1. With angles folded into 0 to 90 degrees, how steeply does helix 2-27 sit against the dominant principal axis of the chain? Use alpha carbons for both and round to 10.
2. Report the local net charge at residue 9: Lys and Arg +1, Asp and Glu -1, summed over other residues whose C-beta lies under 13 Å from its C-beta.
3. Taking amide hydrogens as modeled 1.01 Å from N in the peptide plane, which residues meet the under 5 Å criterion relative to residue 47, leaving out close sequence neighbours?
4. Return the single residue from 51, 18, 61 with maximal mean-square fluctuation; model: Gaussian network over the chain, springs between Cα atoms under 10 Å.
5. What does the charge count around residue 53 come to, taking other residues whose C-beta lies under 11 Å from its C-beta (Lys +1, Arg +1, Asp -1, Glu -1)?
6. I want to verify a result. In a Gaussian network model of the chain, Cα cutoff 10 Å, which of these has the top mean-square fluctuation: 47, 17, 68?
7. If the viscosity is 1.567 mPa s and the temperature 4 °C, what translational diffusion coefficient in µm²/s does Stokes-Einstein give for the chain when Rh comes from Kirkwood over Cα pairs?
8. In nm, give the distance between the simple-model label positions of residue 8 and residue 71, each being 7 Å from the Cα along the Cα-to-Cβ direction.
Amino acid sequence: MADALAAALARIEKLEARLEGLQRHFDMKPPMTFAGDWQSVIAYAPATVVRFHDSLYCSIRPIHAGKAEPSRGDGTGWERLVKGLRND
């Protein structure tokens, strides 16, 4: 019984350490901010959300002005969050 309790306690301590590490990781992430419609003349910081055509995209790295339309595919620095928005 004591061995099982000690093993369970050790596992809980490992899980607590892992949770603390994950919390530090997410605490360092910037909050997402909505910047409205995408504009080519604007530079975007990481975690900026824009509307482009019928979708929402989030920048995953700094985006320089005049670069990388969100819909141009992988490697642009944008991740699509939502597709099929309607403009009513």
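Here, each number is a calculation from the coordinates, and none is a lab measurement. This one's a predicted model, so the numbers in the text were calculated from it and none came from an experiment. Cβ sites come from the backbone with ideal geometry, for glycine too, and all protein chains shown count toward neighbours.
1. Taking Cα atoms only, the helix is inclined about 20 degrees.
2. Combined, the nearby Lys, Arg, Asp and Glu give -1.
3. 59, 60, 61
4. Result for the chain, Cα springs under 10 Å: 18 fluctuates most.
5. 0
6. 17
7. 82 µm²/s
8. Each label point lies 7 Å from its Cα, and together they span 5.7 nm.
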